[in-house]
Amino acid sequence: MSRQRERIFNIPGVVLALIVLLLAIHGLRELLTPEADLELLQRFAFVPGRFTFAFDPDKVSHAYNDLARGQEVKAEIARYFLGDGEIQWWTPLTYAFLHGSWAHVGVNCLWFVAFGAAVARRIMALRFIAFFIVTAIAGALMHYLMHMADLEPVIGASAAVSGAMGAVTRFAFQPGAPLGDTLGLGPRHGEALTYRLPAPPLREVLQDRRAVTFLAVWFVVNFVFGYFSVELGGGDATIAWEAHVGGFLAGFFLFPWFDPKIKLLPPHLNAADRTFGRREG
(Lines give C-alpha, C1' and ligand atoms only; values in the text may rest on other atoms or scores of the structure.)
Protein backbone atom coordinates (compact mmCIF):
# COMPACT_ATOMS: atom_id res chain seq x y z
CA MET A 1 0.00 0.00 0.00
CA SER A 2 1.27 3.45 -0.86
CA ARG A 3 1.84 5.71 2.10
CA GLN A 4 -0.10 8.98 2.15
CA ARG A 5 2.21 11.90 1.50
CA GLU A 6 2.61 14.38 4.35
CA ARG A 7 2.00 18.05 3.69
CA ILE A 8 5.01 20.33 4.08
CA PHE A 9 2.90 22.97 5.83
CA ASN A 10 0.34 21.73 8.29
CA ILE A 11 -1.35 24.89 9.58
CA PRO A 12 -4.27 24.22 11.95
CA GLY A 13 -7.63 25.12 10.48
CA VAL A 14 -8.51 27.62 13.20
CA VAL A 15 -5.26 29.52 12.63
CA LEU A 16 -5.75 29.52 8.87
CA ALA A 17 -9.34 30.74 9.29
CA LEU A 18 -8.26 33.64 11.51
CA ILE A 19 -5.52 34.62 9.07
CA VAL A 20 -7.97 34.59 6.16
CA LEU A 21 -10.37 36.70 8.25
CA LEU A 22 -7.68 39.26 9.09
CA LEU A 23 -6.58 39.52 5.46
CA ALA A 24 -10.16 39.71 4.20
CA ILE A 25 -11.07 42.50 6.60
CA HIS A 26 -8.09 44.55 5.56
CA GLY A 27 -8.81 43.85 1.91
CA LEU A 28 -12.40 45.01 2.28
CA ARG A 29 -11.22 48.18 4.01
CA GLU A 30 -9.13 48.93 0.95
CA LEU A 31 -12.37 49.15 -1.03
CA LEU A 32 -13.88 51.78 1.28
CA THR A 33 -13.63 55.49 0.80
CA PRO A 34 -11.24 57.26 3.20
CA GLU A 35 -14.23 58.74 5.01
CA ALA A 36 -15.97 55.38 5.42
CA ASP A 37 -12.75 53.73 6.59
CA LEU A 38 -12.18 56.47 9.16
CA GLU A 39 -15.72 56.00 10.43
CA LEU A 40 -15.09 52.27 10.73
CA LEU A 41 -11.95 52.94 12.77
CA GLN A 42 -13.85 55.30 15.05
CA ARG A 43 -16.39 52.61 15.74
CA PHE A 44 -14.18 49.52 16.09
CA ALA A 45 -10.66 50.66 17.07
CA PHE A 46 -9.77 50.71 20.76
CA VAL A 47 -9.55 54.26 22.12
CA PRO A 48 -8.49 54.29 25.81
CA GLY A 49 -9.67 57.84 26.47
CA ARG A 50 -13.27 56.97 25.63
CA PHE A 51 -13.36 54.57 28.57
CA THR A 52 -11.80 57.09 30.95
CA PHE A 53 -14.05 59.90 29.74
CA ALA A 54 -17.09 58.01 31.04
CA PHE A 55 -15.98 58.35 34.69
CA ASP A 56 -13.26 61.03 34.63
CA PRO A 57 -13.93 63.48 31.79
CA ASP A 58 -11.65 66.12 33.32
CA LYS A 59 -8.62 63.87 32.95
CA VAL A 60 -9.28 63.40 29.26
CA SER A 61 -10.07 67.10 28.77
CA HIS A 62 -6.76 68.15 30.33
CA ALA A 63 -4.87 65.74 28.09
CA TYR A 64 -6.76 67.01 25.06
CA ASN A 65 -6.06 70.66 25.93
CA ASP A 66 -2.35 69.94 26.34
CA LEU A 67 -2.36 68.28 22.93
CA ALA A 68 -4.29 71.15 21.31
CA ARG A 69 -1.75 73.73 22.47
CA GLY A 70 1.09 72.11 20.57
CA GLN A 71 -0.32 69.81 17.90
CA GLU A 72 -3.55 71.07 16.41
CA VAL A 73 -3.87 68.36 13.77
CA LYS A 74 -3.46 65.57 16.30
CA ALA A 75 -5.93 67.36 18.55
CA GLU A 76 -8.53 67.33 15.77
CA ILE A 77 -7.95 63.62 15.23
CA ALA A 78 -8.26 63.00 18.97
CA ARG A 79 -11.53 64.91 19.09
CA TYR A 80 -12.86 62.83 16.22
CA PHE A 81 -12.05 59.55 17.94
CA LEU A 82 -13.54 60.75 21.23
CA GLY A 83 -16.80 61.11 19.35
CA ASP A 84 -19.77 61.31 21.68
CA GLY A 85 -17.65 60.04 24.57
CA GLU A 86 -19.74 56.91 25.04
CA ILE A 87 -17.94 53.69 25.94
CA GLN A 88 -17.72 51.22 23.09
CA TRP A 89 -17.50 47.96 25.01
CA TRP A 90 -16.76 45.81 21.98
CA THR A 91 -13.58 47.66 20.97
CA PRO A 92 -11.15 45.87 23.36
CA LEU A 93 -11.70 42.90 21.05
CA THR A 94 -12.60 44.32 17.64
CA TYR A 95 -9.42 46.40 17.46
CA ALA A 96 -7.49 43.14 17.00
CA PHE A 97 -9.12 42.56 13.60
CA LEU A 98 -8.03 45.90 12.12
CA HIS A 99 -4.58 46.81 10.82
CA GLY A 100 -2.81 49.90 9.59
CA SER A 101 -1.32 48.50 6.39
CA TRP A 102 -0.68 45.33 4.43
CA ALA A 103 2.76 45.16 6.03
CA HIS A 104 1.17 45.35 9.47
CA VAL A 105 -1.35 42.56 8.87
CA GLY A 106 1.23 40.52 6.95
CA VAL A 107 3.79 40.56 9.76
CA ASN A 108 1.13 39.63 12.31
CA CYS A 109 -0.08 36.76 10.16
CA LEU A 110 3.44 35.38 9.72
CA TRP A 111 4.12 35.41 13.45
CA PHE A 112 0.66 34.02 14.07
CA VAL A 113 1.44 31.05 11.84
CA ALA A 114 4.78 30.45 13.56
CA PHE A 115 3.54 30.57 17.16
CA GLY A 116 -0.24 30.41 16.99
CA ALA A 117 -0.08 27.10 15.11
CA ALA A 118 1.83 25.49 17.98
CA VAL A 119 -0.70 26.65 20.55
CA ALA A 120 -3.67 25.64 18.37
CA ARG A 121 -2.23 22.15 17.88
CA ARG A 122 -2.08 21.73 21.63
CA ILE A 123 -5.32 23.29 22.89
CA MET A 124 -7.56 22.75 19.83
CA ALA A 125 -9.93 25.11 18.02
CA LEU A 126 -12.54 26.26 20.54
CA ARG A 127 -10.02 26.80 23.31
CA PHE A 128 -7.79 28.61 20.86
CA ILE A 129 -10.55 31.03 19.88
CA ALA A 130 -11.16 31.75 23.57
CA PHE A 131 -7.41 32.18 24.03
CA PHE A 132 -7.29 34.68 21.15
CA ILE A 133 -10.13 36.69 22.70
CA VAL A 134 -8.61 36.75 26.19
CA THR A 135 -5.12 37.76 25.05
CA ALA A 136 -6.46 40.46 22.73
CA ILE A 137 -8.50 41.95 25.59
CA ALA A 138 -5.53 41.65 27.95
CA GLY A 139 -3.45 43.65 25.48
CA ALA A 140 -6.08 46.37 25.33
CA LEU A 141 -6.26 46.44 29.13
CA MET A 142 -2.50 46.84 29.53
CA HIS A 143 -2.44 49.63 26.96
CA TYR A 144 -5.33 51.31 28.74
CA LEU A 145 -3.54 51.24 32.10
CA MET A 146 -0.55 52.96 30.51
CA HIS A 147 -2.52 55.50 28.41
CA MET A 148 -5.80 56.12 30.21
CA ALA A 149 -6.38 59.58 28.72
CA ASP A 150 -5.05 58.84 25.25
CA LEU A 151 -7.45 59.36 22.34
CA GLU A 152 -5.21 57.75 19.72
CA PRO A 153 -6.83 54.59 18.27
CA VAL A 154 -5.14 51.23 18.77
CA ILE A 155 -5.48 48.48 16.14
CA GLY A 156 -3.83 45.18 15.30
CA ALA A 157 -3.69 41.53 16.38
CA SER A 158 -0.21 41.87 17.86
CA ALA A 159 -1.44 41.36 21.44
CA ALA A 160 -2.98 38.00 20.52
CA VAL A 161 0.14 37.04 18.56
CA SER A 162 2.25 37.95 21.60
CA GLY A 163 -0.11 35.86 23.72
CA ALA A 164 0.68 32.85 21.54
CA MET A 165 4.40 33.52 22.04
CA GLY A 166 3.88 33.60 25.80
CA ALA A 167 1.90 30.35 25.71
CA VAL A 168 4.51 28.57 23.60
CA THR A 169 7.10 29.43 26.24
CA ARG A 170 5.14 27.36 28.76
CA PHE A 171 5.47 24.04 26.92
CA ALA A 172 7.90 24.19 23.98
CA PHE A 173 11.22 24.37 25.83
CA GLN A 174 10.94 21.22 27.94
CA PRO A 175 13.05 18.16 27.03
CA GLY A 176 11.67 16.49 23.96
CA ALA A 177 9.73 19.55 22.80
CA PRO A 178 12.21 22.25 21.78
CA LEU A 179 10.94 25.58 20.55
CA GLY A 180 12.91 25.05 17.37
CA ASP A 181 10.82 22.02 16.41
CA THR A 182 8.11 22.18 13.75
CA LEU A 183 5.91 24.60 15.73
CA GLY A 184 2.85 23.20 13.99
CA LEU A 185 4.15 23.57 10.42
CA GLY A 186 5.71 20.16 9.94
CA PRO A 187 4.35 16.65 9.33
CA ARG A 188 1.93 15.24 11.86
CA HIS A 189 4.23 12.38 12.84
CA GLY A 190 6.51 14.89 14.58
CA GLU A 191 3.81 16.17 16.91
CA ALA A 192 4.04 13.49 19.60
CA LEU A 193 6.53 15.01 22.02
CA THR A 194 5.82 18.61 21.09
CA TYR A 195 2.08 18.53 21.67
CA ARG A 196 1.42 15.54 23.95
CA LEU A 197 3.80 16.13 26.84
CA PRO A 198 2.26 17.77 29.92
CA ALA A 199 3.36 21.38 30.32
CA PRO A 200 5.91 21.82 33.12
CA PRO A 201 4.98 23.97 36.12
CA LEU A 202 5.85 27.66 36.06
CA ARG A 203 8.77 27.13 38.43
CA GLU A 204 10.49 24.76 36.00
CA VAL A 205 9.88 27.09 33.07
CA LEU A 206 11.57 29.95 34.92
CA GLN A 207 14.53 27.67 35.67
CA ASP A 208 14.99 26.68 32.02
CA ARG A 209 17.80 28.72 30.49
CA ARG A 210 16.34 28.67 26.99
CA ALA A 211 12.92 29.77 28.20
CA VAL A 212 14.38 32.56 30.32
CA THR A 213 16.56 33.69 27.41
CA PHE A 214 13.53 33.78 25.13
CA LEU A 215 11.59 35.82 27.71
CA ALA A 216 14.45 38.27 28.17
CA VAL A 217 14.99 38.78 24.44
CA TRP A 218 11.27 39.21 23.82
CA PHE A 219 10.87 41.90 26.48
CA VAL A 220 14.05 43.74 25.48
CA VAL A 221 13.00 43.88 21.83
CA ASN A 222 9.55 45.18 22.72
CA PHE A 223 10.87 47.82 25.10
CA VAL A 224 13.36 48.97 22.45
CA PHE A 225 10.54 49.26 19.92
CA GLY A 226 8.50 51.25 22.39
CA TYR A 227 11.34 53.53 23.46
CA PHE A 228 12.33 54.46 19.93
CA SER A 229 8.69 54.56 18.71
CA VAL A 230 9.47 52.37 15.74
CA GLU A 231 6.99 52.88 12.92
CA LEU A 232 5.43 49.91 11.21
CA GLY A 233 4.70 49.87 7.51
CA GLY A 234 5.87 53.40 6.83
CA GLY A 235 2.80 54.99 8.39
CA ASP A 236 2.40 57.49 11.19
CA ALA A 237 1.24 54.95 13.76
CA THR A 238 3.77 53.75 16.32
CA ILE A 239 3.87 50.29 17.82
CA ALA A 240 1.66 49.85 20.89
CA TRP A 241 4.25 47.77 22.75
CA GLU A 242 2.25 47.89 25.98
CA ALA A 243 -0.49 45.88 24.30
CA HIS A 244 2.11 43.33 23.25
CA VAL A 245 3.25 42.98 26.85
CA GLY A 246 -0.32 42.59 28.08
CA GLY A 247 -1.06 39.87 25.55
CA PHE A 248 2.22 38.08 26.24
CA LEU A 249 1.73 38.06 30.00
CA ALA A 250 -1.82 36.79 29.62
CA GLY A 251 -0.68 33.99 27.33
CA PHE A 252 2.19 33.09 29.63
CA PHE A 253 0.35 33.08 32.95
CA LEU A 254 -3.13 32.02 31.82
CA PHE A 255 -2.01 29.22 29.51
CA PRO A 256 -2.83 26.49 32.09
CA TRP A 257 -6.48 27.62 31.99
CA PHE A 258 -6.67 26.64 28.32
CA ASP A 259 -4.25 23.72 28.22
CA PRO A 260 -6.07 20.35 28.22
CA LYS A 261 -5.03 17.87 30.85
CA ILE A 262 -2.93 15.30 29.06
CA LYS A 263 -3.13 11.66 30.07
CA LEU A 264 0.37 10.41 30.84
CA LEU A 265 1.46 7.29 29.00
CA PRO A 266 3.50 4.48 30.55
CA PRO A 267 7.21 5.41 30.43
CA HIS A 268 8.17 2.27 28.52
CA LEU A 269 6.25 3.37 25.43
CA ASN A 270 8.41 4.76 22.65
CA ALA A 271 7.96 8.06 20.82
CA ALA A 272 5.84 6.48 18.08
CA ASP A 273 3.44 5.09 20.67
CA ARG A 274 3.19 8.46 22.41
CA THR A 275 1.65 9.91 19.28
CA PHE A 276 -1.64 8.37 20.30
CA GLY A 277 -1.73 9.86 23.80
CA ARG A 278 -5.15 11.10 24.86
CA ARG A 279 -6.21 14.42 26.32
CA GLU A 280 -8.71 14.93 29.08
CA GLY A 281 -10.68 18.07 29.72
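For the reader, a short list of remarks on this structure follows.
- Residue match in segment 245-254 (condition: within 17 Å of the chain's Cα centre (by Cα), crowded, with 18+ Cβ neighbours inside 10 Å, at pLDDT below 95 and assigned to a helix (DSSP H, G or I)): no
- Among the candidates Ala36, Ala45, Ala63, residue that is over 26 Å from the mean Cα position of the chain (by Cα), under 23 Å from Gly156 (Cβ atoms), surrounded by 17 or more Cβ atoms within 10 Å (Cβ to Cβ) and of a type in the set (Gly, Ala, Ser): Ala63
- Among residues of segment 245-273 that are within 21 Å of Ala138 (Cα to Cα) and among the charged types (D, E, K, R), those with a beta-carbon under 8 Å from a residue that is surrounded by 12 or more Cβ atoms within 10 Å (Cβ to Cβ) and modelled with pLDDT under 95 at least six positions away or on a different chain give the pairs Asp259/Arg122; Asp259/Ile123; Asp259/Arg170; Asp259/Phe171; Asp259/Ala199.
- Members of segment 28-47 found to be without any contact (Cβ under 8 Å) to a residue 60 or more places away in the chain and among the hydrophobic types (A, V, I, L, M, F, W, C), listed by number: Leu28, Leu31, Leu32, Ala36, Leu38, Leu40, Phe44
- Residue in segment 175-188 that is modelled with pLDDT under 85, out of contact with any His (no Cβ under 7 Å at 6 or more places or on another chain), part of a loop (DSSP other than H, G, I, E, B) and hydroxyl-bearing (Ser, Thr, Tyr) present: yes
- Output for segment 21-70, where each listed residue is part of a loop (DSSP other than H, G, I, E, B) and under 26 Å from His147 (Cα atoms): Ala45, Val47, Ala54, Phe55, Asp56
- When Val230, Val217, Val212, Val221 are checked against the criterion of being under 14 Å from Met165 (Cα atoms), modelled with pLDDT under 90 and surrounded by fewer than 17 Cβ atoms within 10 Å (Cβ to Cβ), a single residue qualifies: Val221.
Here's the yes/no breakdown for (1) in contact with a Pro (Cβ under 6 Å, 6 or more places away or on another chain); (2) of a type in the set (Asp, Glu); (3) within 27 Å of Ala54 (Cβ to Cβ); (4) surrounded by fewer than 19 Cβ atoms within 10 Å (Cβ to Cβ):
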residue	(1), (2), (3), (4)
Val107	no, no, no, yes
Leu110	no, no, no, yes
Ile123	no, no, no, no
Ile129	no, no, no, yes
Met142	no, no, yes, no
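- Here Pro201 clears all of (1) at pLDDT 90 or above; (2) crowded, with 17+ Cβ neighbours inside 10 Å except the condition numbered (2).
The values are calculated or read from the model by the stated rules, or taken from the named source; none is laboratory data. It should be emphasised that the depicted structure is a prediction, and the values quoted were computed from it without experimental measurement. Cβ sites come from the backbone with ideal geometry, for glycine too, and all protein chains shown count toward neighbours.
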